[in-house]
1. Find all pairs meeting these conditions: Cβ atoms under 9 angstrom apart; at least six residues apart or on different chains; first residue within the range 48-73 and farther than 16 Å from A142 by Cβ and among the charged types (D, E, K, R); second residue away from the ligand (no atom under 13 Å from the Cβ) and in a helix (DSSP H, G or I).
2. Restricting attention to the range 159-181, which residues are touching a helix residue (DSSP H, G or I) at 6+ places or on another chain (Cβ under 7 Å) and within 18 Å of D241 (Cα to Cα)?
3. Would the range 40-63 turn up any residue that is at pLDDT below 95 and outside any helix (DSSP H, G or I)?
4. Report every pair of residues separated by at least 6 positions or lying on different chains whose Cβ atoms are under 7 Å apart, first residue within the range 76-87 and in a loop (DSSP other than H, G, I, E, B) and at pLDDT 95 or above, second of a type in the set (D, E) and more than 7 Å from the ligand (Cβ to nearest atom).
5. What are the pairs with Cβ atoms under 6 angstrom where one residue, in the range 233-246, is farther than 24 Å from G166 by Cβ and the other, located anywhere, is part of a strand (DSSP E or B) and small (G, A, S)? Sequence gap at least six, or different chains.
6. Only one residue in P128, P132 is more than 11 Å from the ligand (Cβ to nearest atom), outside any strand (DSSP E or B) and not aliphatic (A, V, I, L, M). Which one?
7. Kindly list the number of the only condition in (1) out of contact with any helix residue (DSSP H, G or I) (no Cβ under 9 Å at 6 or more places or on another chain); (2) surrounded by fewer than 20 Cβ atoms within 10 Å (Cβ to Cβ); (3) of a type outside the set (V, I, T); (4) at pLDDT 95 or above that fails for H124.
8. If V218 satisfies all but one of (1) more than 30 Å from L297 (Cβ to Cβ); (2) crowded, with 16+ Cβ neighbours inside 10 Å; (3) without any contact (Cβ under 8 Å) to a residue 60 or more places away in the chain, what's the number of the condition it fails?
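The values are calculated or read from the model by the stated rules, or taken from the named source; none is laboratory data. Treat the numbers as computed from the prediction; the structure is a model and nothing was measured. Neighbour counts are summed over all protein chains in view; Cβ atoms, including those assigned to glycine, are modelled from backbone coordinates with ideal geometry.
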Amino acid sequence: MSNHSGHGHRHGRQDLHHERPAHGHDHGGAEPDWDVMAPLLERNAELSSAQYTEAARWIAALPTAPKVSRVLDIGAGPGVVACLLAEVFPDAEVVAVDGTPALLERTRERARRLGLDDRVTTLHATLPEGLPGLGEADLIWAGNTLHHMGDQRAALAGFGELLRPGGTVALVEGGLQVRQLPRDLGFGNPGLEARMEAAEAELFQRMRAELPDARREVEDWAALFGAAGLTPQGTRSFLLDLPAPLGDAAREQVVADFTRRRDGLRDHLDTDDTAVLDRLLDPEDPAGLHRRPDVFLLLARTLHLGRRA
Ligand SMILES: C[S@@+](CC[C@H](N)C(=O)[O-])C[C@H]1O[C@@H](n2cnc3c(N)ncnc32)[C@H](O)[C@@H]1O
C-alpha cells in the first residue's frame, strides 16, 4: 500500500490534544508532517492514557458489546492507544494501521516494551484506498483520523463494511479545545488562546478542502453512522483535567504545543499576539510557559460509537 507520509506537507497540523477544528492546531492549511509530530502525538496520548482506558472500558462493558477478537486502530499514530486497547481487550489481536512508517515503528517498539508484541501488530496503509486490505474486525477505533479523509461519509461506510456482525466503530472526533493558560496572562491582549483557536479553525478548513475527494459534511456522527448502516450506540466525552501546577511531562508538552502552534500561526495572528507567543516561549522569562506557575492542561475528547447489527 502506498505511503501516506510522502505528501510533502509543509506544516504539521498540531494535534497536540485533539485533531478537530475545535482543538486542533493547524499549520498553514496543509496536512501535518506526521513524522515530525511523532513525539508530540506520543506524549499527548500518554497524558490521556487514563481517559482512553476509561473510554475503551466503556465499550467493553456495553450490554451489546461483541466478543472482541480483532481490533483495527485506524490512524494509530505512535500506538499508545493501540496498546491500551490490547490491555482492555486481552483476547484481541490489535492491528495498528497508519500511513506513516515511522509511527508504525514507534508502535512496534512500544508493543515490544510492554510485552504486547504478540498481539499488537502494524499495517502500513493509506486510507481510504487501503481499507479493503485491512480485514474484518469486531472493533474499529479511529482516533482523530477520520477528518483526515476527504470523504468522511464514504470512509465511514468503508469502516462499516469491515465490521463483523455486532461489531463497533469508535470515532474520536470533536470535543473541546485545549486550554492551557489563564485568559489574562498579565501582558498582551487577553483571550490569546481563543484567537489561536479561531485561526486554527480556518486553517483546518483549508486543510480539509485540500484533501483528495474533499467533501463538506455535516459533522453529525450519529447521522453518518446511520447512513453507513450502523446504529448509533452513544456518545461520551472524556476530560483531561491537569490543574496547575503541572508536572514536568505535562509542562514540556504545553511548551512543545505552543512552539509548534506559534510556528504555524505566525502569519495568521497579529503582531501583538505573535510577540506574546515569543515571550511565552522564552525559557528565561518568568512569565513564560517554562516558568509561570499557572499553566494547566484542560481538554475534552468525544467518543462516538456506531454498531453493526
Ligand atoms: C492525529 S494523528 C492520531 C493518532 C492517534 N490515533 C491518536 O489519537 O493519538 C492521525 C494519524 O492518522 C494518520 N493518517 C492520517 N491520514 C491518513 C490516511 N489517509 N491514511 C492512513 N493514515 C492516515 C497519520 O499518519 C497519524 O498517525
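1. R57/V88
2. Taking the range 159-181 as the starting set, the residues that turn out to be touching a helix residue (DSSP H, G or I) at 6+ places or on another chain (Cβ under 7 Å) are 162, 168-171, 173, 177, 179-181.
Within the range 159-181, Q177, R179, Q180, L181 qualify.
3. Yes, some residue in the range 40-63 is at pLDDT below 95 and outside any helix (DSSP H, G or I).
4. Once the first residue is in a loop (DSSP other than H, G, I, E, B) and at pLDDT 95 or above and sits in the range 76-87, its partners that are of a type in the set (D, E) and more than 7 Å from the ligand (Cβ to nearest atom) give P78/E42.
5. S237/A300; L239/A300
6. On the way: P128 fails: more than 11 Å from the ligand (Cβ to nearest atom).
Going through P128, P132 in turn, the sole match is P132.
7. Checking H124 against (1) out of contact with any helix residue (DSSP H, G or I) (no Cβ under 9 Å at 6 or more places or on another chain); (2) surrounded by fewer than 20 Cβ atoms within 10 Å (Cβ to Cβ); (3) of a type outside the set (V, I, T); (4) at pLDDT 95 or above, the one that fails is (1).
8. It fails just one condition, (2).
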